[in-house]
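Some notes on the structure that comes next.
The values are calculated or read from the model by the stated rules, or taken from the named source; none is laboratory data. Given the structure is predicted, the values throughout are model-derived calculations rather than measurements. In this analysis, Cβ positions are derived from the backbone assuming ideal geometry, glycine residues included, and neighbour counts consider all displayed protein chains. Just the protein is used for accessible areas: all its heavy atoms, side chains included, with ligands, DNA and RNA removed. Shrake-Rupley method; radii C 1.70, N 1.55, O 1.52, S 1.80 Å.
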Amino acid sequence: MNTDTALIARLKDPKQRDEAFSDLLDAYQERLYWHIRKIVITHDNANDVLQNTCIRIYKGIQHFKEKSALHTWMYRIAYNESIRFLEQQKIKTSFDLEDDNADYLNKLIADDYFNGEELQLKLHTIISNLSDKQQQVFQMKYFDDLSFREISEILNISENTLKSSYYSAVKTIEEQITVLT
């Protein structure tokens with residue numbers, strides 16, 4: 001029995017649920033944080049979304065059907081919570097997320113927790129100019145090291161479409177990174 005299967009069984013057992021959830025957080029919290037952070041950008045926002053994600057995972061684990069890997073299911077919840085957060089921010093500020101990629105960089109640079117070097121900043125500058133779909137796919141594949149199958153399950157997009165978006169993003173980044181360096 002693999003560790004996720006054992007952990008899921010413990011999470012679904014009312015007597016072991018709280019301890020198992022603590023183990024789940026020990027194993028996945030940091031990865032989920034960075035997945036969320038790439039979407040919402042700032043540390044404070046990422047922490048807020050992570051908290052909401054953990055609550056949804058805790059409440060939803062009883063309904064987890066195990067049709068995907070545990071981490072894929074959790075990433076999907078984190079992704080949905082991140083998008084929900086951005087949509088709420090968009091409504092609150094009347095800010096059009098599609099049109100203002102500069103805001104991505106402004107938030108990143110202003111964040112006290114970002115300590116990017118010049119090349120990292122150049123990479124994030126290029127990423128900020130990719131389409132939203134290319135940004136999401138590239139970040140999940142490159143930074144989170146998820147497989148195309150896992151990303152497909154999280155975003156509900158075909159693997160071939162994801163591959164096309166990813167390799168197009170890589171080509172753009174490769175072309176532009178040499179111009180900026």
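Details
- Looking only at region 35-80, and only at residues there that are assigned to a helix (DSSP H, G or I) and of a type in the set (Phe, Trp, Tyr), the one that is nearest to Lys133 (Cα to Cα): Tyr79
- Criterion violated by Ile83 - all others in (1) at pLDDT 95 or above; (2) under 30 Å from Gln135 (Cβ atoms) satisfied: (1)
- Any hit, region 147-156, residues being open to solvent by less than 50 Å² (accessible area, probe 1.4 Å) and more than 15 Å from the chain's Cα centre (by Cα): no
- Residues in region 116-132 that are at pLDDT 90 or above and in a helix (DSSP H, G or I): 0 in all.
- Test result for Ser164, open to solvent by 50 Å² or more (accessible area, probe 1.4 Å), in a helix (DSSP H, G or I), within 27 Å of Lys67 (Cβ to Cβ) and at pLDDT 90 or above: yes
- Identity of the residue in region 86-102, assigned to a helix (DSSP H, G or I) and under 18 Å from the mean Cα position of the chain (by Cα), that ends up modelled with the lowest pLDDT: Asn101
- In region 34-52, the residues that are under 14 Å from Asp144 (Cβ atoms) and in contact with an Asp or Glu (Cβ under 6 Å, 6 or more places away or on another chain): His35
- Test for Thr72: is it of a type outside the set (Lys, Arg) and open to solvent by 10 Å² or more (accessible area, probe 1.4 Å): no
- Residue satisfying condition, being of a type in the set (Lys, Arg), open to solvent by 50 Å² or more (accessible area, probe 1.4 Å) and closer than 30 Å to Glu87 by Cα, within set Arg37, Arg10, Arg56: Arg56
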